[in-house]
Amino acid sequence: MASKTLNQWIIAAAVACCMVLVFYQRLVKPAPQPGVGTAIGQKAPSFALEDLTSQTYTLESLRGKPAVINFWASWCGPCIEEAPSFVKLEQKHGSDLHIIAINLTTLDTTDKVQSFVQKYGYRFPVLLDKTGEAATAYNIQPIPSTFFLNKDGVIVDGALGAIDPLTLEQKALALLSKP
């Protein structure tokens, strides 16, 4: 019985954190750029974020190869469930596409991010969204959320919420087959 109560508290805390994120995003919306947005066919919003080693990545640095960008948090149950799928995707297609994990660090800690990365064996860049600017620019709600960008940085597909391994593979293959 105590386990059930603990699970209910964990779920309630996760829902509360998501609600705080949504409220925060609505308060700090950046000015829109023409032709830039999160809809299919729009150029993805730019970002400049550091990884765990303080190396800065920008959206522009990803150009030339398709990209899969996943927004996540270490405490997010669905993010934990899909983590192995991103590792497998990187192992299978990492030479043909960028895989980027953007952590919602405003709702997480760097130590927990580092532990998560080590536990699941992430070898692709894990970027820290310490200010929430990237999450706001991409209108992240819910987490996880995943965007599929062509080699020019245009959004060609996406997934709100957890993405199962088969769908992730199918969307990646479709992304790789687009000119």
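Brief remarks on what is shown
- Condition met for A174 (of a type in the set (A, V, I, L, M) and open to solvent by 10 Å² or more (accessible area, probe 1.4 Å)): yes
- Residue match in segment 165-177 (condition: among the charged types (D, E, K, R), assigned to a loop (DSSP other than H, G, I, E, B) and touching a residue at least 40 places away in the same chain (Cβ under 8 Å)): no
- Wholly enclosed helices (runs of 4 or more DSSP H) of segment 52-155 bearing at least 1 residues of a type in the set (D, E, K, R) and open to solvent by less than 30 Å² (accessible area, probe 1.4 Å): 77-93
The values are calculated or read from the model by the stated rules, or taken from the named source; none is laboratory data. All of these numbers come straight from a predicted model, not from anything done at the bench. All Cβ positions, glycine included, derive from the backbone under ideal geometry; neighbour counts span all protein chains shown. What goes into the accessible areas is simple: the full protein's heavy atoms, side chains included, and nothing from ligands, DNA or RNA. Shrake-Rupley method; radii C 1.70, N 1.55, O 1.52, S 1.80 Å.
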